[in-house]
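Everything on this sheet refers to the single structure shown next.
Bear in mind that the values in this text are calculations on the coordinates, not laboratory data. If you're wondering where the values come from, they're calculated on a predicted model, not measured in any experiment. Neighbour counts are summed over all protein chains in view; Cβ atoms, including those assigned to glycine, are modelled from backbone coordinates with ideal geometry.
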């Protein structure tokens, strides 16, 4: 058989490997979920779809555990593949943070999605109770789907995928905190008001910020690798681009986590230091990026200048008291993640183009 044909077959087989592994994990998880659902159905005679100690509550816990295990296993396995072997050279602590943040993102998103799906089912089939067979079928199905999706997601993590996880994580966490808070007038004070309560809402809000900070720190590793690839291809010219940009992303992640670790009611000055630090480092990213990332597409620089202009406008509106602190905080967070999307799309397209030329 010709070498080119053998290479093509090996390439196709390699591309299907994550699918096969995800399918195996899904089957095993589905069987375990079905057994758990069957036992649950026999233990609870009045198993409703939603409410205290309902099927939805148990399913949320089961899928969260499944997502944590399957995403971790898939991520660790993926490091053996050629495109991701560069991560094996990372410092052990950075590698562990990467694995934890990826597992955390998948676990949290899965838990929120499952809980929301349980609420919708409970509202749609009000008063319906599950017998053991239905409990086993539904639990097995939902656990299998979660195992398959999270395994594939974690196995194919790259810079663009990480940015999507980050935005979904922040958006769903913040929305959940706003929906579940006991203070309906929180918006009259500041965004950080959501994290001042010792209840589910406060835990979700602060946990979202801490988790998002870890994801951004992990994100910095992928950004640095992509910039290195662009520099090796001659697209990005400055040698310091990769360490400086990735370090600033890591600092943004640390500041974001700090905002969640120290709620405003615990230490107002410390909370504000982390919050101001996040904004300051972001401003440095916007300004220094105009020099460090020379060689990137023109649209990246134009988008960065637009975001910088909008950020300065938000500062003026807040300083003149035309905007409340809540509006300013929401504007800053929105601009940060808008710019991250612009940056990552430009970076990923360039890195992918370099890879195609090499192949």
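Quick notes on this structure:
- For q = 0.10, 0.12, 0.13 Å⁻¹, Debye-computed log10 I/I(0) when each Cα of the chain counts as one equal scatterer: -0.72, -0.99, -1.10
- Inter-label distance, residue 319 to residue 39: 6.2 nm, where each label sits 7 Å from its Cα along the C-beta direction.
- Percentage relative contact order, the range 158-359, counting C-alpha pairs under 8 Å, at least six apart: 25 percent
- Average projected area [Cα convex hull, the range 166-284], square nanometres: 7.7 nm²
- Label zone at residue 131, where the point sits 7 Å out along the Cα-to-Cβ direction: the range 30-49 residues whose backbone N lies under 13 Å: 42
- Inverse mean reciprocal Cα-Cα distance (Kirkwood Rh) of the range 14-157, Å: 15.9 Å
- Sites residue 120 and residue 280 - FRET efficiency at Förster radius 35 Å, r taken between beta-carbons, to 0.05: 0.25
- Spin-label pair residue 93/residue 145, simplified geometry with 7 Å Cα→Cβ offset, distance in nm: 4.1 nm
- Gain on full stretching of the segment that runs from residue 334 to residue 161 - 0.36 nm per residue minus C-alpha separation: 60.4 nm
- Relative contact order computed over the range 14-157 (Cα-Cα under 8 Å; 6+ residues apart), in percent: 53 percent
- Report note on the peptides 120-132, 230-242: ranked by the mean count of other C-beta atoms within 10 Å, highest first, their order is 230-242, 120-132.
- Zone residues, the range 243-273, relative to residue 180, backbone N less than 19 Å from point 7 Å out along Cα-to-Cβ: 260-264
- Taken over the range 158-359, the convex hull of the Cα atoms encloses 104 Å³ per residue.
- Largest GNM mean-square fluctuation across 74, 250, 319, computed for the chain with C-alpha springs under 10 Å, falls on 319.
- Choice from 166, 200, 322 with maximal GNM fluctuation in the chain (Cα, 10 Å cutoff): 322
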